[in-house]
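Values in this text are rule-based calculations from the coordinates and carry no lab data. Please read these numbers as outputs of a predicted model, since none were measured by experiment. Cβ coordinates were reconstructed from backbone atoms using ideal geometry, including for glycine residues, and neighbour counts include every protein chain displayed.
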Amino acid sequence: MPIFCDLVALNQPARTIETLQYLNGTHPRYGGPPPAPVPPEPPVTRDALRAHPPALPVLRRGVADLDPAPPGDEPENPEDSELATLPRRQQALADQIREDLGQNQRVTQRALIQYRDELSRPQAEIILEILKEAFLTMQAGIAQARREGALDDDALAAWATFETNHGLYLAHFPFDAARERLYRNAPVDIDRADPVAVAEAFEGFLDTLENEAVAGIVGPRLKDWAERSAAFGRVIVAEAQAVAMRGDIPDEDMPHRVWLRRQVGQGWALMERIATWLVKTEEGRVIGLNVAFASGVATLLAALRSLLF
C-alpha cells in the first residue's frame, strides 16, 4: 500500500505519529485502514420463519382471531411519554394527508384509515404487521402522487413527519427489527413468485373469510390482516407492472421484489402457525370443524409454500 512506502521514508518520530494517525483513521492523506469486511448474514430458513410469525391464532369469544406475537410486539419502554402521544399525532397526520389526496388515491386513503384504526387500539393489541403493510401501501401511493405533482408543500411536510414518526414507533419494538429482517430475506424463489398469482392467493383467502359459511367464525383482527395483505398484494402488482413498463433491469433490491419476498415470508409463517393450531390445539380443532375455513388456510399455505426454497 502507498502509505507504507511513505512511512518507510520518514524518520522514527514522524513515522510513529503518522502510523498512529492512520490507525486512528485521521491521517491527512490516507485517512485510515479499510473497514473490515462485514460477514454475510446467514440465510433465512423455514424454521426461522416458522418461529417468528407476525401474529398468533387464538380462539376469542368463539371465533378465530389473532393476537400480537410476543416478544416482538412488546414495547421496550411502554411508559415512554413520546410513545404515549405518538399514536394521536399519527392519527392527526393521517387525517391531514387523507384530506389532501385526490379521488384517484382511494387505495392510499384506505390504507391511511386502516393505519389510523390500528393505532386507535390499546397498545397491547396492535399488530405491527398490519401497520407496516398499511404504511408501505401509503408510501407507494404518496410516491405516485409526488411524481404527479398532486400534493402541496403542507401535505408533503405532513408525510415527511408521518414517515419519521412511523420509524420512531417501530423503534420501540426492538425485537421486531429481527423479525423484519427475516421477512425481507425470506427464502423465496423471487424469479418464480408471480406478483399477480401471490395477490390472487391472498385475495382468495380474504374471499374465504367473507364467505357466508365462514364469516361467523372469523374475528376482526384476522379479517384486518387478510384485508391488509390483499390490498398490499395489489400494490405490489401495480409496482411490478410499472417497473415492467419502464423496462427496468430486474434487481433484488427493487421495492416490489423486497415487498413480495416479505409478504410471502410473513404470510407463510402465519398460515403455518394457524394450520398447526387447527390440528394440534383443542380450541383450534373446534375452528377446524369449519371445512371451508380449514380449506382456505390450506390453500393459501400451499400457494406460499411452493414459492419457498
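Charges on Cβ only, +1 for Lys and Arg, -1 for Asp and Glu, centred on the Cα centroid of the chain; of V44, A64, I236, which one is farthest towards the dipole's positive end?
V44
Any idea what the dipole of the chain comes to, in debye rounded to 20, about its Cα centre with Lys/Arg Cβ at +1 and Asp/Glu Cβ at -1?
Values: 32 positive and 45 negative charges, 108 e Å.
The dipole of the chain has a size of about 520 debye.
Going by the alpha-carbon gyration tensor, a ≥ b ≥ c the square roots of its eigenvalues, is region 187-296 rounded (a/c under 1.5) or, if a/c is not under 1.5, prolate (a/b greater than b/c) versus oblate?
Cα axes put region 187-296 in the prolate bin.
Kindly put M138, M254, M271 in sequence by how many other C-beta atoms sit within 10 Å of each C-beta, fewest to most.
Taking fewest neighbouring Cβ atoms as first place, the list is M254, M271, M138.
Treating the angle as unsigned and between 0 and 90°, give the value, to the nearest 10°, between the Cα long axis of helix 291-305 and the longest Cα principal axis of the chain.
Roughly 20 degrees between the two axes.
Quick one: pull the percentage of alpha-carbon pairs in region 81-171 with a separation above 17 Å.
42 percent
Sequence gap at least 6, Cα distance under 8 Å: using those rules, report the relative contact order of the chain to the nearest whole percent.
Working: 347 pairs, mean separation 72.9, N = 309.
Across the chain, relative contact order equals 24 percent.
Rounded to the nearest 500, what is the chain's calculated 222 nm mean residue ellipticity when only DSSP H runs of at least 4 contribute -39500 (n - 2.57) each, over all residues?
Numbers: 14 runs with 203 residues, N = 309.
-21500 deg cm²/dmol, from helical runs alone.
Counting only other residues whose beta carbon sits under 9 Å from that of A193, what net charge do I get with K and R as +1, D and E as -1?
0
Let me know the shape class of region 130-188, please: from the alpha-carbon gyration tensor, a ≥ b ≥ c as square roots of the eigenvalues, rounded when a/c is under 1.5, otherwise prolate if a/b is greater than b/c, or oblate.
Oblate.
Given a Förster distance of 41 Å, report the FRET efficiency between A292 and D248 from their Cβ-Cβ distance, rounded to the nearest 0.05.
0.50
Count the DSSP beta bridges whose two residues both fall in the chain, then state the antiparallel fraction as a percent rounded to the nearest 5. List each step's numbers first, then the result.
On the way: 8 of 9 bridges.
Within the chain, antiparallel bridges account for around 90 percent of the total.
Considering the options P53, P33, A303, tell which one lies farthest towards the positive end of the dipole of the chain, charges being +1 on Lys and Arg and -1 on Asp and Glu at the Cβ, about the Cα centre.
A303
Please report the orientation-averaged projected area of region 263-303, defined via the convex hull of its C-alpha atoms, in nm².
Mean shadow area of the hull around the Cα atoms is 2.6 nm².
Based on other C-beta atoms within 10 Å, arrange S120, S229 from fewest to most.
S120, S229
Which of the three applies to region 114-271, rounded, prolate or oblate, going by the alpha-carbon gyration tensor with a ≥ b ≥ c and a/c under 1.5 meaning rounded?
Rounded, because the longest to shortest axis ratio a/c is under 1.5.
Dipole of region 81-171 (Lys/Arg Cβ +1, Asp/Glu Cβ -1, origin at the Cα centre): which of A158, G102, I127 lies farthest to the positive side?
I127
What three numbers, in Å, describe the spread of the alpha carbons of the chain along their principal axes, ordered from the longest?
Cα extents, longest axis first: 88, 49, 48 Å.
Could you tell me the center-to-center distance, by alpha carbons, between region 217-236 and region 1-68 in angstrom?
That distance is 36 Å.
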